[in-house]
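This report concerns only the one structure given below.
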Amino acid sequence: MKPRQKRIALIVAGLVVLGIAATLVLNALNSNIALYISPTDVAAGKAPQGKAFRIGGMVKEGSVKREADGVTVNFIVTDTEKDLLVAYKGILPDLFKEGKGVVAQGKLADGGTRFVASEVLAKHDENYMPPEAAKAVGDAHQRAADNKAKAEATGAAGTAPATPATAEKSPLKTGY
């Protein structure tokens with residue numbers, strides 16, 4: 001074999017080893033990724049079935065129920081639009097409280113009506129909420145505001161036209 005052929009064979013072997021290593025790393029990363037899903041998305045059926053993912057939002061006030069064994073806790077996570085029951089067996093973080101932000105990692109159970117968490121993460125200061133949870137809560141508030149505006153527009157369309165007396169009292173009157 002000539003020196004040139006040896007170099008080409010060495011380069012090809014190196015590329016093959018590099019390709020195998022990259023494939024193994026990407027496969028390992030892909031199997032450990034936990035997607036974030038909001039309670040609204042879970043209710044809409046967008047959650048992966050049988051795969052671990054993260055859910056986040058606020059712990060609903062008055063929803064934390066502790067079992068007699070002392071380590072099993074059930075609570076509701078809400079994004080202010082939809083709620084999801086979460087079951088967790090373990091020690092909760094010290095900062096876990098009702099009305100505060102939380103992210104839980106686990107899987108759906110009972111046909112998608114209950115989320116069994118393997119890990120629960122709480123906020124770490126009073127102003128922090130995970131970016132995904134903040135976005136989900138913001139989106140839920142936006143949808144609620146849009147629905148309210150549509151309802152008001154529909155309700156306003158069904159009312160009687162403004163009379164001159166009501167037009168004068170309107171703060172939106174024009175023609176100044």
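Of the residues 91, 55, 20, which is at pLDDT 85 or above, crowded, with 19+ Cβ neighbours inside 10 Å and out of contact with any Lys or Arg (no Cβ under 9 Å at 6 or more places or on another chain)?
Values: 91 fails: crowded, with 19+ Cβ neighbours inside 10 Å; 20 fails: crowded, with 19+ Cβ neighbours inside 10 Å.
Being at pLDDT 85 or above, crowded, with 19+ Cβ neighbours inside 10 Å and out of contact with any Lys or Arg (no Cβ under 9 Å at 6 or more places or on another chain) holds for just one of 91, 55, 20, which is 55.
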(request) Assess whether residue 29 counts as being more than 25 Å from residue 102 (Cβ to Cβ) and under 27 Å from the mean Cα position of the chain (by Cα). (result) yes
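Just for segment 94-109: of the residues that are more than 26 Å from residue 145 (Cβ to Cβ) and free of Cβ contacts under 8 Å to residues at least 60 places away in the same chain, which one is surrounded by the most Cβ atoms within 10 Å (Cβ to Cβ)? Give the derivation first.
Applying the first criterion (more than 26 Å from residue 145 (Cβ to Cβ)) to segment 94-109 yields 94-97, 104-109.
Keeping just the survivors that are free of Cβ contacts under 8 Å to residues at least 60 places away in the same chain gives 94-97, 104, 106-107, 109.
Details: 94: 7, 95: 15, 96: 19, 97: 15, 104: 24, 106: 20, 107: 16, 109: 12.
Ranking the qualifying residues of segment 94-109, first place goes to 104.
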(message) Suppose we keep only residues that are assigned to a loop (DSSP other than H, G, I, E, B) and among the hydroxyl-bearing types (Ser, Thr, Tyr) within segment 43-102. Which one would you say is farthest from residue 143 (Cα to Cα)?
(response) 63
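The values are calculated or read from the model by the stated rules, or taken from the named source; none is laboratory data. Computed from a predicted model, the values in this text were never measured in an experiment. Cβ coordinates were reconstructed from backbone atoms using ideal geometry, including for glycine residues, and neighbour counts include every protein chain displayed.
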